[in-house]
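Working notes for the structure below.
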Amino acid sequence: MVLLLAVACGVAVGNLYFPQVLGPLVASGLRVPPGAAALVVTAAQFGYAVGIFLLVPLGDRFRHRPLLVTLLCLTGLGLLAASAAPVLPALVGASALVGVTTVIAPIAGPMAAGLVSDDRRGAVTGTLLSGSIGGMLLSRTVGGAVGDWLGWRAPYLMAAALALLLAAVLARTLPPTTPTSRQRYPALLAEPLRLLRTEPELRRSCFYQATVFAAFQAVWTGVALLLTGPAYGLGASAVGALALVNAGTMLCTPLAGRRVDRHGPDPVNLVCMLGALASAAVLAVGGLGGVPGLVALTAGTLLLDVAMQSGMVANQVRIYALRPDARSRLNTAYMTCAFLGGGMGSWCGARAFAHFGWPGVCALVALLAALALARHVLRWTAARRHLPEVALREDGGGAALGKEPM
């Protein structure tokens, strides 16, 4: 069942990422500037954030099987509408609607977390995230190749067929689940906002993921423009091939999950933020072009992918432990913030590339990673400063606590 849910996450998440490699083809096919075509990706990301806020809380209120099947059917219809869009505004609108309904992963994650014991939650979260990563990578690769061969509309048709097929499979195979909440819909919508206000660990996790995911989205929006521009002169399939090289990320997230189970989320977060910061320097070499530039782009995007996805495992394990009865609502707050950050990162990445070229995108990545790292270091410093006081209160002046907070 975990494997099936991982496949479902991959199919759904892929709908957000294959448009990234189609930007130049959409611009050519609809006769609009490349910067305007990038709005398709931005609309999908913001739509996803809206869908998380409006729909993911329903995972605590309704049984998962009918909810997931309905959302996949609506996603399939939205993809069909996108494939038939005659002008850019229609495509942007359809992409936003697809983003709203393709929120399978943030619903399946809390569902799977509730099916396993606490000491396996990191590993299962990492497995589901591996499925999502596979969808991200394969969707870019297949989308780029099919788009170059059959035009930009064909990947949308393929994605629609996959979504509808998966809806039929899940309708027959998902186990029955029991809702954990009887709250009315307005109360469910208000709960993530209340949790953000009352749970500092949730706010911290949201900030970490929003900044690093914004850097990730900025890179993948800019790299499509870089590879298809004069520096490299490649097609959309080359962008997909670059994404496929990063398949190693799928192996890293289960490992990160086991590290979180063993050592806690904070040490994993620290390593991920340092990795994201280092990726900016590696990616900057990609602006040179030629073989050295391609090697740098491959290494830099892989490093950033691993950092972002492994950090997500750590953040989700942290928030799932806060309120077992409200995991979907916690995930709603977390994923909404993450994809709002991603949408802003995509938009800022396109603007940075238009005004400053590839160096501007790399500088944006460095800035965002540095913000996350600074927040983490400040929290670690504050925890170290208060550790003796906590030890005195809990031990009556005895030995210090056994675990050192990060």
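No lab work stands behind these numbers, since they all come straight from the coordinates. Remember, it's a predicted structure, so these values are computed and weren't measured experimentally. Virtual Cβ from ideal backbone geometry, glycine too; neighbours counted across all protein chains shown.
Report the full-extension gain for the segment ALA161 to ALA36: residue separation times 0.36 nm, less the Cα-Cα distance, to one decimal in nm. Intermediate results must be reported in sequence, preceding the final value.
Numbers: separation 125, 0.36 × 125 = 45.00 nm, distance 2.73 nm.
Full extension of this stretch gives 42.3 nm more.
Restricting to DSSP loop positions (anything but H, G, I, E, B) with no more than 10 other Cβ atoms inside 10 Å of their own Cβ, which trypsin sites (Lys or Arg not before Pro) remain in the stretch 248-294?
In loop regions of the stretch 248-294 (DSSP not H, G, I, E or B), there are no sparsely surrounded trypsin sites (Lys or Arg not before Pro).
How big is the charge dipole of the chain about its Cα centre, in debye rounded to the nearest 20, if each Lys and Arg gets +1 on its Cβ and each Asp and Glu gets -1 on its Cβ? Walk me through the numbers on the way to the answer.
Values: 29 positive and 15 negative charges, 129 e Å.
Dipole of the chain, to the nearest 20 debye: 620 debye.
In nm, to one decimal, how far is the modelled label at VAL285 from the one at SER28, with both set 7 Å along Cα→Cβ?
For the pair VAL285/SER28, the computed spacing is 3.1 nm.
Between the stretch 1-62 and the stretch 308-366, what's the alpha-carbon centroid distance in Å?
Between the Cα centres of the stretch 1-62 and the stretch 308-366 lies a distance of 14 Å.
Helix-only estimate, please: 222 nm mean residue ellipticity of the chain, summing -39500 (n - 2.57) across DSSP H runs of length 4 or more and dividing by its residues, to the nearest 500. The partial results should precede the final answer.
Numbers: 15 runs with 332 residues, N = 406.
Mean residue ellipticity, 222 nm, calculated: -28500 deg cm²/dmol.
Taking loop as defined by DSSP and a crowding limit of 10 other beta carbons within 10 Å, which trypsin sites (Lys or Arg not before Pro) in the stretch 4-106 fit?
Values: sites: ARG31, ARG61, ARG63; in loops: ARG31, ARG61, ARG63.
Filter output for the stretch 4-106: ARG31.
Would you please name the trypsin sites (Lys or Arg not before Pro) within the stretch 181-222 that are DSSP coil residues with at most 14 other C-beta atoms within 10 Å of their C-beta?
Working: sites: ARG182, ARG184, ARG194, ARG197, ARG203, ARG204; in loops: ARG182, ARG184.
Here the sparse-neighbourhood loop sites are ARG182, ARG184.
Compare the Cα positions of THR228, CYS252, LEU302 along the charge dipole of the stretch 200-339 (+1 at Cβ of Lys, Arg; -1 at Cβ of Asp, Glu; about the Cα centre) and return the one farthest towards the positive end.
CYS252
Calculate, for ALA321 and ARG203, the FRET efficiency according to 1/(1 + (r/R0)^6) with r their C-beta to C-beta distance and R0 22 Å; round to the nearest 0.05.
That gives a FRET efficiency of 0.90.
Using DSSP H assignments, which helices in the chain have an axial alpha-carbon span of 27 Å or above and a mean Kyte-Doolittle hydropathy of -0.5 or higher?
On the way: long enough: 2-30 (41 Å, 1.74); 64-83 (28 Å, 1.42); 121-150 (42 Å, 0.68); 153-173 (31 Å, 1.46); 200-227 (41 Å, 0.78); 265-284 (29 Å, 1.49); 290-320 (45 Å, 0.98); 327-395 (58 Å, 0.38).
Result, helices passing both filters: 2-30, 64-83, 121-150, 153-173, 200-227, 265-284, 290-320, 327-395.
What ranking do HIS355, HIS64 get, fewest neighbouring Cβ atoms within 10 angstrom at the top?
Going from sparsest to densest Cβ surroundings: HIS355, HIS64.
Efficiency by 1/(1 + (r/R0)^6): what FRET value for VAL2 and LEU367, r their Cβ-Cβ distance, R0 = 41 Å, to the nearest 0.05? Let's see the in-between values first.
Details: r = 37 Å, r/R0 = 0.90.
Result of the calculation: an efficiency of 0.65.
Considering only ALA38, LEU79, VAL103, whose Cα is most displaced toward the positive end of the charge dipole of the stretch 5-121, charges sitting on Cβ of Lys, Arg (+1) and Asp, Glu (-1)?
Checking the options against the dipole of the stretch 5-121, the answer is LEU79.
Return the label of the correct value of semi-axes √(5λ) of the Cα gyration tensor in Å, as calculated from the structure shown, out of (1) 59, 22, 14; (2) 45, 23, 19; (3) 34, 27, 17.
(3)
Take the Cα coordinates of the stretch 301-347, assign each an equal point scatterer, and use the Debye formula without solvent to give log10 I(q)/I(0) at q = 0.23 Å⁻¹.
Once normalised to I(0) and log-transformed, intensities are -0.88.
Using 0.36 nm per residue, how much length does the chain from ALA278 to ALA187 gain when fully extended, once their Cα-Cα distance is taken away? Display every interim value, and only then the final one.
On the way: separation 91, 0.36 × 91 = 32.76 nm, distance 4.24 nm.
Length difference between fully extended and current span is 28.5 nm.
Report, in debye and to the nearest 20, how large the dipole of the stretch 91-224 comes out about its Cα centre when Lys and Arg carry +1 and Asp and Glu carry -1 on their Cβ. Show your work: numbers first, answer last.
On the way: 11 positive and 6 negative charges, 57 e Å.
With Lys and Arg at +1 and Asp and Glu at -1, about 280 debye.
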